[in-house]
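Below you'll find the structure, written out as structure tokens, and then a few comments.
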């Protein structure tokens, strides 16, 4: 149990005790919120419950606080309970209890920070899902960092997590890509083939055309052009999808499933959903198109599901992105029966959010099971100058460009340092610095320093066996333990709020507190008289290593043994 939950239970017991002692009147004991106070001198934890109970208890909040504090059951985790104006109850943890938590962390080891929810959920996190029509850009990298970190944390919080990439392999973009590749393919074989006006420009299309010319010869020139365009589009899309997968694996992002948009039409899911909406009177035809009656559900605008054949000739290209969204949310919640579906989308899709939630509601699904996270985009800087183009290709900066320059750890860490709702200024110069100015280096160096201490201790024949943690009484030691105990709280916070930026902030804080401890408390000593405290501190250092490594791993960042 998290210590704050334990304290909440003690406060509820204190209220019940005070009521039995007639120090408080009878009323239903509410849930109690325990928080960390803003100032350390107020204690380790506090509750504002007396302020919320004043009306029901018909007492001044400070009187309620005094009654609660006087009736908190004795507990070895608590050193002191104090009422505080205008109506708080403050708790200070026992130093002996704090020291014992080092052994608790060591027992949990690499799984420290895991939670056990009352009801584990099956949660799907669908993220990245960039159109497989070209290389990934930096913004999609932020999507991957956010989504994968959330998946890591939700799993640590005790839920069953499924990671999915949704492949947009249906519709006009397949044809546009096919036409573009066909032109470059034909040109590579010496044919004068004009490039389509609405084609995909970029060196990568030229390279794919050359590759297919070498691999297939003139095979596609010998078949009807429409068929060649369609088949080249599919081949190119799979080639790009495979490259996207390699790029994401470079930054330690992996998926349980790559889901095909086209399958929603091939297996009849869309037709089934369309019939549900028709049966509810939520589909109508206008201008030869098929519409979803979103206004009937309180939305501002109706939405096109299937475009008019007068506008789009090919039946396969008529369904809109929204049509696929309707079928996809049904697939997630009704067919595969995930308890929750989390989408990670770029902020430019904000207008699509209410329509997807309305579609879920129209299909008879609980929209509360759907969460769509929107993230802002990334500005690359080199010092004070904005970087807009790749030096290597002369085009936009790809995610591979960024990974080549600063490495996957810096990319993962830096892309979640801000709230998803805030834009990120990614400074390439800072990301490669080996100094405290680089937050990634600062945190990883703390872990490497811990590993070095443990290696030196082993070389000196000093072990933590029989280390007595009750000797850990120095303020810097206790402060480090307090910081380590926050990891499960951070896991709960990120899993509840779906805000991964709390992890890098915590990692930076924990690393800083460890560095202070390292300066103030000598761990390895040649003096035999210091052997007992050295063994105790080795336990503390080992626990800090587990805590810091787990924090880094939850972010998808490595925990180096040397630097």
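Quick note: the coordinates plus some simple rules give every number you see, no bench work behind them. Note that this is a predicted model, so its numbers are computed, not measured. Cβ: placed from backbone, ideal geometry, glycine included. Neighbour counts: every protein chain shown.
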- [ ] Can you tell me the 0 to 90 degree angle between the C-alpha axis of helix 95-108 and the longest principal axis of the chain, rounded to 10?
- [x] 40
- [ ] Treat the range 3-93 as a sphere of radius equal to its Kirkwood radius over Cα pairs and apply Stokes-Einstein at 4 °C in a medium of 1.567 mPa s; give the translational diffusion coefficient in µm²/s, rounded to a whole number.
- [x] 102
- [ ] Work out the FRET efficiency for residue 470 and residue 29 from their Cβ-Cβ distance, taking R0 = 41 Å, and round it to the nearest 0.05.
- [x] 0.70
Task: Stokes-Einstein diffusion coefficient of the range 180-234, Kirkwood radius over Cα pairs, 10 °C, 1.306 mPa s, in µm²/s - done: 145
TODO: For residue 85 paired with residue 6, estimate the spin-label separation in nm (one decimal), with each label point 7 Å from Cα along the Cα-to-Cβ line.
DONE: 3.3
TODO: Among DSSP beta bridges whose residues both lie in the chain, state the antiparallel percentage, nearest 5.
DONE: 50
- [ ] Working from Cα positions, state the angle (0 to 90°, nearest 10) between the long axis of helix 138-156 and the longest principal axis of the chain.
- [x] 50
Open item on the list: Would the range 233-301 count as rounded, prolate or oblate if I go by the C-alpha gyration tensor, calling it rounded below 1.5 in a/c and otherwise prolate when a/b exceeds b/c, oblate otherwise?
Closed with: prolate
TODO: Quick one: plug the Kirkwood hydrodynamic radius of the range 284-355 (C-alpha pairs) into Stokes-Einstein at 4 °C, 1.567 mPa s, and report D in µm²/s.
DONE: 94
Task: Ellipticity estimate at 222 nm from DSSP helix runs (n ≥ 4, -39,500 (n - 2.57)) divided over the chain, nearest 500 - done: -15000 deg cm²/dmol
Task: FRET efficiency, residue 107 to residue 203 (Cβ-Cβ, R0 45 Å, nearest 0.05) - done: 0.25
Open item on the list: Expected output is a single nm value to one decimal: the length gained when fully extending between residue 63 and residue 456, i.e. 0.36 nm times separation in residues minus the C-alpha distance. What is it?
Closed with: 135.9 nm
TODO: Using all C-alpha to C-alpha distances in the range 439-554, build P(r) with 5 Å bins and read off the rounded percent in each one.
DONE: 2, 12, 23, 22, 18, 11, 7, 4, 1, 0
Task: Computed FRET value (nearest 0.05) for residue 423 with residue 562, which takes r as the C-beta separation and R₀ as 35 Å - done: 0.50
- [ ] Would you list the P(r) distribution for the range 388-460, with all Cα-Cα distances sorted into 5 Å bins from 0 and each bin expressed as a whole %?
- [x] 3, 14, 19, 19, 16, 11, 7, 5, 3, 2, 1, 0
Open item on the list: As I understand it, the value is the acute angle between the Cα axis of helix 531-554 and the longest principal axis of the Cα atoms of the chain; what does it come to in degrees, rounded to 10?
Closed with: 30
- [ ] Pop out the Kirkwood hydrodynamic radius of the chain from its pairwise C-alpha distances, inverse of mean 1/r, in Å to one decimal.
- [x] 27.4
- [ ] Taking the Cβ of each residue in 521, 273 as the centre, tally the other Cβ atoms inside 10 Å and list the residues starting with the fewest.
- [x] 521, 273
Task: Approximate spin-label separation residue 227-residue 275, in nm, with each point projected 7 Å along Cα-to-Cβ - done: 3.3
Open item on the list: Suppose we take every Cα in the range 214-344 and form the convex hull; what volume per residue is that in Å³?
Closed with: 161
